[in-house]
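None of the figures in this text is laboratory data; all of them are computed from the coordinates on show. As the structure is a computational prediction, the values presented were derived from the model and not from experiment. Counting neighbours? That spans all protein chains shown, and the Cβs are built from the backbone with ideal geometry, glycine included.
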Amino acid sequence: MFGSGRHKSSLSDTVSSQSRLLPLKVFTSWWALCFVFYIVGWPIDYVRTNAVWVTLLTGACLLGAIGGYAAAVARHPFRTDSPASDWRVPWVVRIGLVASLVLVFPLASVYSGFSVLDVGSAIQNQGAAFAQASERMSEGLGARTGILLLQSALAPFTLSVIPFLSLAWFEGRRHGILLVLALVAPLTTSFLVGRDQQIAFSLIVLSGAWALSRVRRRLPLRWREVTVLALVAVAMIISFGARRLARNSVDPICAPGGATCTIDHSYPNVFEAAWVNIMSYATQGFEGLGRAMDATWVFGGGFSHSRAVESLLSKTFNFESAPVVTSQLDSLGWSGTGYWSTAFTSIANDVPWILIPLVIFFQAFLLGSAWRRSLRQADWLSTSVLCYTWLAMMFVPQNLQLAVSGPIYLGYIMLVALYLLRSVAEYGSSNTSKRFGPVSP
């Protein structure tokens, strides 16, 4: 079930120390870049509320991440077994692929008001698609409870699809058509609702699988590939700016938390919109974090770090949500739903501020463990946990991204639970073999 069988070949190689640290280097570099743009106030001149405390907490969490990742990789040899001979698609991934494609139809109707056949119209007017989807979201959970429950039940399957199929394509050039089909679902949903989340999710997961495949094959980056990646990045930035302009084409760009409008004239061009909005997305979380530090800490019950899960539980069991940190943001000159305030603020709904670096420590430990396991044996479970944990760590300066969607978060929790249970079972089996010798069949 967990894909724990080893590759047929016994060939293995030790992974270089630089490759061991690759996920850590990537997400900590992104954290540092976001923080630097925030603290220097360019291109957005933030108010920088509680900047000293924001700096101290960010630094402590950075140290926690480094410590957690190092603890996961320090005592274990890193090696890669030979690639799988056939890259057979596990039954879990097959179910997930079918479910992803089937769910597009009800999701389109419930979240966007369009049908899948209207995707062309939605692409032509992303502003209207965004407005209509926002109106649908404001209707509450009642209209979509059934589809949410179905999504949650299928999430462990659907989340495994893109990581495994991406790795199979990048490493073995297998299942390319299936990968294209797998990408159709999030891209279609993204265009129908006029939002970028699904596209960003897919790109980061693809990037994680691509990086894993290259390290497993000992392939360094060449200039040709760097050039292609740079061109793709520029194209994505321009596309992002164009979509933002489609939602808001006339007003000056006044970034949340900025002391002044960054672009103070109407009708900004696509490059201005792309640059300022990307920088706002990269940095506004730290300004929100500073505002959140003025809130009164209240324990949220252990589930309030995910607003989606909290809302579902409160409606199911009919209790009033606790006045946690994020719910106080509106009274502190920020928005707990419309703006970002880093993952730390959401974690603070359930964990005291001083213990947040410990939470980051364990998350980074899980990332390091999944990276080590995926390099050695690229099964669907390890690869899925790796890609989504890496995604979660990349989004830390913005928000607690995996917890935003109830189905995605519950699916991720189930995948992590399976991953940990497998590790415990294998550890127990290993100790038994050491103590008593191989068990007779």
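Overview of results
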item: Cubic angstrom per residue, convex hull over Cα atoms of region 137-238; result: 115
item: For region 20-77, fraction of C-alpha pairs farther apart than 12 Å, in %; result: 72
item: Region 354-420 shape via C-alpha gyration tensor axes, a/c threshold 1.5; result: oblate
item: Inter-label distance, nm, simple model (7 Å from Cα along the C-beta direction), Val36/Phe299; result: 4.1
item: Rounded to whole Hz, the Karplus (6.51, -1.76, 1.60) HN-Hα couplings of region 171-186, x for glycine and proline; result: 8, x, 6, 10, 6, x, 5, 5, 5, 4, 4, 5, 7, 4, 4, x
item: Ordering of 415-425, 40-50, 363-373 by burial proxy (mean other Cβ atoms within 10 Å per residue, highest first); result: 363-373, 40-50, 415-425
item: Residue-by-residue Karplus 3J(HN,Hα) for region 273-287, coefficients 6.51, -1.76, 1.60, Hz, glycine and proline x; result: 4, 5, 5, 5, 5, 5, 5, 5, 4, 6, 10, 5, x, 6, 5
item: Spacing of the two label points (7 Å from each Cα toward its C-beta) at Thr145 and Ile354, in nm; result: 4.2
item: In range of the label at Glu426: residues from region 199-226 whose backbone nitrogen is under 12 Å from the point 7 Å along Cα→Cβ; result: none
item: Contour minus Cα-Cα distance for Trp53 and Ser134 (0.36 nm per residue); result: 25.7 nm
item: Protection proxy ranking, peptides 99-110, 198-209, 308-319, 389-400, average beta carbon neighbours within 10 Å, highest first; result: 389-400, 198-209, 99-110, 308-319
